[in-house]
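Written below as structure tokens is the structure these notes are about.
The values are calculated or read from the model by the stated rules, or taken from the named source; none is laboratory data. Computed from a prediction, not measured in an experiment: that's the story for all the values here. So basically every Cβ, Gly included, is an ideal-geometry build from the backbone, and we count neighbours across all protein chains shown. Note: accessible area is taken over every heavy atom of the protein model, side chains too, but ligands, DNA and RNA are not part of it. Shrake-Rupley method; radii C 1.70, N 1.55, O 1.52, S 1.80 Å.
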Amino acid sequence: IYAASQIVSSLEPIISEERRARIESVIENRCFSVLPLIENPHDWGNVSAVCRTADALGFGALHIIRDKKSEKYKQSARTAGGSDKWLDIQLHDSSSGEETRVVIGGLKRRGFQIVATALGTPEKLSKRPDEIDWTRPTVVVFGNELDGVSPEVLELADSYCEIPIDGFVESYNVSV
């Protein structure tokens with residue numbers, strides 16, 4: 001793994017000053033205190049779209065917990081727009097069924113609060129995005145397109161987040 005400064009200095013002789021300044025600006029403004037995590041994605045095209053959105057929002061990393069039996073992670077140049085090359089993508093294989101607990105436990109030990117994208121329950125009410133304390137390091141967990149987040153995520157989450165919808169659909173696409 002190379003530091004950003006090493007990459008920029010090695011590219012300096014072959015890129016324009018304008019491009020170098022753009023790379024430095026983007027790297028300098030990357031956010032690592034908000035971490036999107038996708039749990040067991042069903043449609044890997046959506047994962048590429050999430051990469052694009054994460055990069056556009058200035059996030060520096062994306063974690064994915066995937067079923068080891070599922071389709072292998074693939075990069076989609078058309079959907080991701082090359083954004084996956086600019087993100088620190090961490091893949092976690094859930095072969096034992098305990099990976100979600102292990103990954104979330106590790107992130108909690110690193111000081112992250114866990115926010116699950118889920119409808120609220122009587123025990124844990126959901127919050128709107130503007131009610132989340134974003135000054136704390138935060139992992140936002142997105143479930144898959146068929147089932148949402150797992151019962152393990154719901155149990156381990158510090159809070160739930162629900163983005164209000166005014167139309168007839170129940171939820172946004174995970175890439176949004």
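If you wrap the chain in the convex hull of its Cα atoms and look at it from every side, the mean projected area works out to 11.9 nm².
Computed from Cα atoms, the angle from the helix 17-28 axis to the main principal axis of the chain rounds to 30 degrees.
Counting only alpha carbon atoms, the long axis of helix 44-56 and the longest principal axis of the chain meet at about 60°.
Per residue, the solvent-accessible area of segment 93-176 (1.4 Å probe, heavy atoms of protein chains only, all protein chains present) comes to 62 Å². Antiparallel beta bridges, as assigned by DSSP with both residues in the chain, represent about 5 percent of the total such bridges. Residues whose amide H falls under 5 Å from that of residue 161, counting only those 5 or more places apart or on a different chain, are 116, 117, 118, 127, with hydrogens built in the peptide plane.
Label-to-label distance, residue 29 versus residue 131, with points set 7 angstrom from Cα along the beta-carbon direction: 3.1 nm. When a/c reaches 1.5 or more, the comparison of a/b and b/c decides; with that in mind, is segment 82-169 rounded, prolate or oblate per its Cα gyration tensor? Judged from the Cα gyration tensor, segment 82-169 comes out rounded (a/c under 1.5). Using a probe of 1.4 Å, the accessible surface attributed to residue 124 totals some 50 Å² when neighbouring protein chains are kept in position.
In straight-distance terms, cross-link reach from residue 85 covers every one of the aspartates and glutamates whose alpha-carbon lies under 17 Å from its own, apart from those fewer than eight places away in the same chain; here that gives 24, 28, 55. Please list, in chain and number order, the residues 5+ apart from residue 61 or on another chain whose amide H is under 5 Å from its amide H, with Hs placed from the backbone. Amide H to amide H, under 5 Å and 5 or more residues apart or across chains, residue 61 pairs with 88.
Amide H contacts under 5 Å for residue 35: 138, 139, 140, restricted to partners 5 or more places along the chain or on a different chain, H placed in the peptide plane at 1.01 Å from N.
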